[in-house]
Amino acid sequence: MPTLEKPELQTPAQDTPLLRIRNLTIEAQTGDQWIQIVHGIDLDLDRGEIVGLIGESGAGKSTVGLAAMGFARQGCRITQGTVEFDGTDLLALSEAARRAYRGKRIAYVAQSAAASFNPAHRLIDQYVEGPLRHGLQSRREAEFSAKALFARLRLPEPDVIGFRYPHQVSGGQLQRAITAMAMSCKPELIVFDEPTTALDVTTQIEVLTTIRDVVRDLGTAAIYITHDLAVVAQMADRIKVLLRGEHVEEAPTREMLANPQEDYTKSLWAVRSFQTDAKAAPPDHVVPTIRVEDISASYRPGQMVLEDISFCVPKGQTVAIVGESGSGKSTVARAITGLLPPLSGRVLLDGEPLPPRLKDRSKDQLRRIQMIYQMPDTALNPKQTIRDVVGRPIRFYRGLTGKALDDEVRALLSAIELEPDVYLDRRMPQLSGGQKQRVGIARALAAEPDFLICDEITSALDQLVAEGILRLLDRVQSDLGLACAFITHDLATVRAIADHVLVMQKGRIVEQGPKADVLTPPHHEYTELLLSSVPEMDPDWLDRTIAEREERGIGISDGSAAEAAAPDDPAAALQPSDS
Amino acid sequence: MIHLTRMILQRLALGVLTLFVVSVVIFGAVELLPGDIAQEILGQSATEQTVAALREELGLNDPAHVRYLNWLGGVLSGDFGRSLANGREISSLLASRFGYTLFLAAYAAAIAVPLAITLGVLAALYCNSIFDRLINILSLSAISFPEFFVAYILLYLLSAEHAIFPSIADYGSQASLGEMLYRTFLPAITLVLVITAHMMRMTRAAIVNLLAQPYIEMARLKGLSPARVILRHALPNALAPIINVVALNLAYLVTGVVIVEVVFVYPGLGQLMVDSVATRDITVVQACCLVFASIYILLNLTADVLSIATNPRLLHRGR
């Protein structure tokens, strides 16, 4: 990178765009090699304009977003191109000169505010750092404007919330606080990098609304990076689609939604087409595979995480358990599997009561209930080959060895659409996200279970990949007649695969019934809130929904009510992540 | 703050328990030593009657648990008994020697801790640069040489070849502070060379470990200078491991100086212990061990408490 210093400010001509990226080429280091990951991207942005960058993971969205600040992550380097901000090529400046732009004129909002706030300092100290270091305001002035901005972003108790540490504030509030921090220097451009991806839908809609209002009011230009088309439709004036570091197409939002030109874009748009036909509940006299009766559970005395949970999962059917983080949906799985023995109530497997505690269950009972986890990266041993991962339950539960074992593993790999000859001896890190999750499914199927618990198995995957997983799961389920509990916060997934839906809030079931009943009005109040919070592709959806809610007096809350479990609550920390 | 106080009390109680166990171990180990103490003190020429009389006088004929309880009772009331070799009160012996050891340890720590942390921060700041590598090589070399070797090299260079510093560190009882610092310079520098590397490398590693954290990237994207990113955003989160390694090294300064004290003929606790082992002055050895153990436990306790006090997530629980 050239380090010659140019005069910092040139006279800003009104007709030059605020940001003008040309032929941006970025390389990333893998081992000893540098591999090109962004191949000559162009991007223009006018003052006050919002452009949405979309694409799947690995498309280079974040890398391009950071390059707009003249920044490359560790292990990445910008090899070609220009990034002209207000007429100055940031890449031609020295690192010190670029620092004068960062935070001050171009700011960044990260995906996970919880990880991006320094745990060692109070929010206010982190907020004032920008204005102070860039010499814009005194500490007093900066604190004053922080409070004003906190109020504007509808944070509760704006005068005092800044004096808390990040761990004392909920996720949705942190996401707003980090937006406030990005705005502390009144930048001309903000890069939003998936700012709502980690949030529940009900929190997301609130954060989206506040972000959009503030950006519009202050006339800030923004690059809005996301993989969620419905979200970008609400936020952006213009959409640019990226695929593996290359430009696919770019058009104004409405045009893009109505009439995508490229095949890849069309495939993104069509992604939510998969849907199974809901099967009718079997007659009452048929014994369901799993029957949960009045289960209550808690992690510490006096604080119930689950109360009066009852439901059935009939053979060959899928029950979707939906709710926000902290609603207790993963705890239901822990209670059924015996990891968290229920305080009261019981679980029946094919009509036989199961011992509440995991260690009291027989090997056969253990075999018949299997789980698939959200993160195959952490659930499956990265040091083991696929042969070991899938072979181990076959050997353990079914006692197969040698040739029989090998044949069984190969059959399972074929069933999950991984070519056995190619993949049998690969290890986890050599697989893509979708392939890892397929191995997770094979591992669960290897035990020949009757009941499968899928805990957010598609949440970490891109939509196209997730759909492949859902199709696979649906196929093996109907082939084997498995009963399935599908835990998710994503209502689109529920629509796709559920036969029966169970809506949870604060450890209780607020509504359950056949999919068609739960997903069509009239809804329970909370189900209604959940359903209406799911963004739609229509660019007017956000305005319309907010208007409807105001009419009905629901209004935007501060997000504290929606997040039941405090982030520093030890009980919540014990639970597997829901998001 | 209440839980912090409670935690300190809990750790203190645990420390006392550990000390109790240590005292049993020390006493047991001494019991296992072969030979008869009375015989050793009086020498080969002593008659059976005098040996028997001395055994009686020292209480050696009592069963082990009785002697242990007598000893423990004395220790708890501040009485470590008398030296077997010269009959002096051990408490007063310890007190004067302990002062010497503490002085040397404090001297070395006052140089080593700031030096190590500064170098560690600089190495992290210029991570993977020539400076970083140079520091790493130098500190690795320093840590690789045994301390008596470093001590003798320093003696040879700075005392024998060029008579800049004295080779005997004992400053007597009348010395001014300047004189004391001057006379103990060589042993202090030897200790500094030995412990700095460890602390410096830990500081660097603890900070570098954090550099991939999203909040460090956020700090950079706010346009902060590299120095501020390291000092303000990385260092506070790296304090717990740094505090722990500093505490361990401080404990080493007090308990591990035996060799350095011997080389420089410095009348500290280490020298006392070595002399007592040589003269089979068991009661003094026991007392020294107990003091060393207490120092270790106390410093580790301090490290634990400080680690928690510097972590807002532990200090400010709840909303």
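Nothing in this text is a laboratory measurement; each read-out follows from the coordinates by a stated rule. Computed from a predicted model, the values in this text were never measured in an experiment. Here Cβ is always computed from backbone atoms with ideal geometry, including for glycine, and neighbour counts include all displayed protein chains.
Remarks
- Phi angles of region B:140-155 translate, via the Karplus equation with coefficients 6.51, -1.76, 1.60 and θ = phi - 60°, into HN-Hα couplings of 4, 4, 4, 6, 7, 7, x, 5, 5, 5, 4, 4, 5, 4, 4, 4 Hz per residue; Gly and Pro are given as x.
- Low-density loop cleavage sites - trypsin sites (Lys or Arg not before Pro) in region A:305-389, where at most 10 other Cβ are within 10 Å (DSSP): A:Lys383
- Listed pairs A:Lys315/A:Lys363; A:Lys359/A:Lys436; A:Lys315/A:Lys515 exceeding 24 Å between Cα atoms: A:Lys359/A:Lys436
- Pairwise label distance in nanometres, B:Ile153 with A:Asn381, each label 7 Å out on the Cα-Cβ vector: 4.6 nm
- Once C-alpha pairs closer than 8 Å and six or more residues apart are averaged by separation and normalised to the residue number of region A:19-263, the relative contact order reads 28 percent.
- One way to sum up the overall shape of chain B is the equivalent ellipsoid from its Cα gyration tensor, whose semi-axes run 44, 27, 15 Å, largest first.
- Estimated from helices alone, the mean residue ellipticity of chain A at 222 nm is -10000 deg cm²/dmol (sum of -39500 (n - 2.57) over DSSP H runs with n ≥ 4, per residue).
- Neighbour-count ranking [beta-carbon atoms within 10 angstrom, fewest first] of A:His523, B:His65, A:His285: A:His285, B:His65, A:His523
- Fully extended contour minus Cα-Cα distance, from B:Ser129 to B:Asp62, at 0.36 nm per residue: 17.5 nm
- For A:Lys104, the lysines whose Cα falls under 21 Å of its own Cα, not counting residues fewer than eight places away in the same chain, are A:Lys6, A:Lys147, A:Lys186, B:Lys222.
- Calculated FRET efficiency for the pair A:Ala100/B:Ile143, C-beta based, R₀ 35 Å, to 0.05: 0.25
- Signed unit charges on C-beta, dipole axis of the protein assembly as shown, positive-most listed residue A:Tyr373, A:Cys454, B:Thr279: B:Thr279
- Top positive-direction residue, dipole computed over the protein assembly as shown with Cβ charges, set B:Ala110, A:Ala114, B:Val121: B:Ala110
- The alpha carbon centroids of region B:247-313 and region B:164-243 are separated by 21 Å.
- Taking 7 Å steps out from each Cα toward its Cβ at B:Ala29 and A:Gln275 produces label points 7.7 nm apart.
- Cα Rg over Rh - the protein assembly as shown, Kirkwood: 1.06
- Packing order of peptides A:437-445, A:80-88, A:218-226, A:542-550, highest average first: A:437-445, A:218-226, A:80-88, A:542-550 (average count of other Cβ atoms within 10 Å over each peptide's residues).
- Whole-number D in µm²/s for region A:19-263 (Stokes-Einstein; Kirkwood sum over Cα pairs; 20 °C, 1.002 mPa s): 116 µm²/s
- C-alpha center-to-center spacing [region A:302-357, region A:458-492] in angstrom: 20 Å
- Between 0 and 90°, nearest 10: helix B:235-255 axis offset from chain B longest Cα axis: 20 degrees
- The three principal axes of the Cα atoms in region A:363-453 give end-to-end lengths of 33, 31, 22 Å, sorted in falling order.
- If you take the alpha carbon atoms of region B:209-319 and fit the smallest convex hull around them, that volume is 131 Å³ per residue.
- Residue exposure proxy: B:Tyr215, A:Tyr373, A:Tyr397, ordered by other Cβ atoms within 10 angstrom of their Cβ from fewest to most, comes out as A:Tyr397, A:Tyr373, B:Tyr215.
- Estimated [θ] at 222 nm from DSSP helical runs (n ≥ 4, -39500 (n - 2.57)) normalised by residues in chain B, nearest 500: -23500 deg cm²/dmol
- All Cα-Cα separations within region A:290-536 were binned at 5 Å from zero, giving a P(r) of 1, 6, 14, 17, 19, 16, 13, 8, 4, 1, 0, 0, each value a whole percent of the pairs.
- Residues within the reach of a label modelled at A:Asp228 (point 7 angstrom out along Cα to beta-carbon, backbone nitrogen below 16 Å), restricted to region A:454-470, are A:458-464.
- Arranged from fewest to most other beta-carbon atoms within 10 Å of their beta carbon, A:Thr520, A:Thr265, B:Thr101 become A:Thr520, A:Thr265, B:Thr101.
- 3J(HN,Hα) along region A:490-498: 9, 6, 5, 5, 4, 4, 5, 10, 7 Hz, from the Karplus curve 6.51 cos²θ - 1.76 cosθ + 1.60 with θ = phi - 60°, whole Hz, x for Gly and Pro.
- Theoretical FRET efficiency, 1/(1+(r/R0)^6), r = Cβ-Cβ of B:Arg55 and B:Val21, R0 30 Å, to 0.05: 0.55
- log₁₀ of I(q)/I(0) at q = 0.18, 0.21 Å⁻¹ - region B:2-76, Debye sum with one point per alpha carbon: -0.82, -0.98
- Alpha-carbon centroid distance for the pair region A:77-145 / region A:33-66, whole angstrom: 19 Å
- Tilt relative to chain B, helix B:48-58 - C-alpha long axis, 0 to 90 degrees, to 10: 50 degrees
- Cross-link partners of A:Lys266 among lysines (Cα-Cα below 25 Å; sequence separation of 8 or more within a chain): A:Lys61, A:Lys240
- Inter-probe distance in nm under a simple model that places probes 7 Å from Cα toward Cβ, at B:Ala278 and B:Ile259: 1.8 nm
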